[in-house]
Amino acid sequence: MIEAKHITKTIITGKQTIPILKNISFSLQKGSITAVVGKSGCGKSTLLSILAGIDPPVSGEVILNGTNFYRQSPAAQERFRSEQIGILFQNYHLIPELTCEENVRMPLAFSRHKERASKVGDMLEQVGLAAKKSLFPRQMSGGEQQRTAILRAIVNEPTLLFADEPTGALDSGTGSQVIHFLINYAHCCNVTVLLVTHDMDIANQCDRTIFMKDGHIAMPVN
Ligand SMILES: Nc1ncnc2c1ncn2[C@@H]1O[C@H](COP(=O)(O)OP(=O)(O)OP(=O)(O)O)[C@@H](O)[C@H]1O
Ligand SMILES: [Mg+2]
């Protein structure tokens, strides 16, 4: 479960303090998938980074699975991130020197659950990457790289998954496969998923949509 309570964020440039997020509050149920939509620059990625435990807000609270995330010590935050949070980016952020399979396994190097490596073969099979597992990112298509990034984000069995424009660099057919995977993953594995998208077709397939405008929520959350 994800709770945002009165979150604000400002950026200081020279003498100016620019508000980026203005008093954002909502809560997302466990096992649901929610889309955040809004114009470029309205604060979607900033909000996602705050909720994913990457960037603290200026004020307000982020409660993740009942834990007040930024009130924890840095070490506890790091442990929480590695055990509970998966993140997916528009441009995949795969490590160029590692193969597909090595990228997927990478988070397990920092995990207490090394045994999860034994399911990587099945995971690659399920998303059609078994034949590609020894390729490097530069040798894979955008869709293959994004599927690799999804497996890497979920290999450590997070309970919270954040995705910033996960289909932004994909054609609509490939993008739609990625979205179906994420919807199914939220519902079947009881994982709370928050994704940012520009695409209303994608938002409409999610359980909920949060509309943002100029740093605040533009209309009541359904
Ligand atoms: N480090 C920074 N310094 C100055 N301004 C910033 C910084 N980070 C974000 N901003 C500003 O904050 C606003 C929100 O940025 P954000 O990346 O969250 O928007 P977004 O909704 O994700 O946009 P897009 O759809 O284009 O990805 C923008 O106006 C951006 O210029
Ligand atoms: Mg963005």
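Within segment 178-211, track down each residue that is touching a Lys or Arg at 6+ places or on another chain (Cβ under 7 Å) and either aliphatic (A, V, I, L, M) or without any contact (Cβ under 8 Å) to a residue 12 or more places away in the chain (or both).
196
Only one residue in 45, 59 is within 21 Å of residue 22 (Cβ to Cβ) and either within 16 Å of ligand 2 (Cβ to nearest atom) or among the aliphatic types (A, V, I, L, M) (or both), so which one is that?
45
What about residue 60, is it at pLDDT 95 or above, touching a His at 6+ places or on another chain (Cβ under 6 Å) and of a type outside the set (D, E, K, R)?
It is true that residue 60 is at pLDDT 95 or above, touching a His at 6+ places or on another chain (Cβ under 6 Å) and of a type outside the set (D, E, K, R).
Which is surrounded by 13 or more Cβ atoms within 10 Å (Cβ to Cβ), under 25 Å from residue 82 (Cβ atoms) and at pLDDT 95 or above, of 129, 161?
Only one candidate passes the filter, namely 161.
Does residue 92 satisfy being of a type in the set (Ser, Thr, Tyr) and either over 24 Å from residue 181 (Cβ atoms) or away from ligand 2 (no atom under 16 Å from the Cβ) (or both)?
Considered against the rule, which asks whether it is of a type in the set (Ser, Thr, Tyr) and either over 24 Å from residue 181 (Cβ atoms) or away from ligand 2 (no atom under 16 Å from the Cβ) (or both), residue 92 comes out as no.
For segment 65-118, enumerate the residues that are exposed (fewer than 14 other Cβ atoms within 10 Å of the Cβ) and assigned to a helix (DSSP H, G or I).
71, 74, 75, 76, 78, 109, 110, 114, 115, 118
Find the residue count for segment 5-25, including only residues that are over 12 Å from residue 57 (Cβ atoms) and either modelled with pLDDT of 95 or more or in contact with a His (Cβ under 8 Å, 6 or more places away or on another chain) (or both).
0
The values are calculated or read from the model by the stated rules, or taken from the named source; none is laboratory data. The structure displayed is predicted, hence computed values, not measured ones. Here the Cβ is made from the backbone with ideal geometry for all residues, glycine too, and neighbour counts use every protein chain on show.
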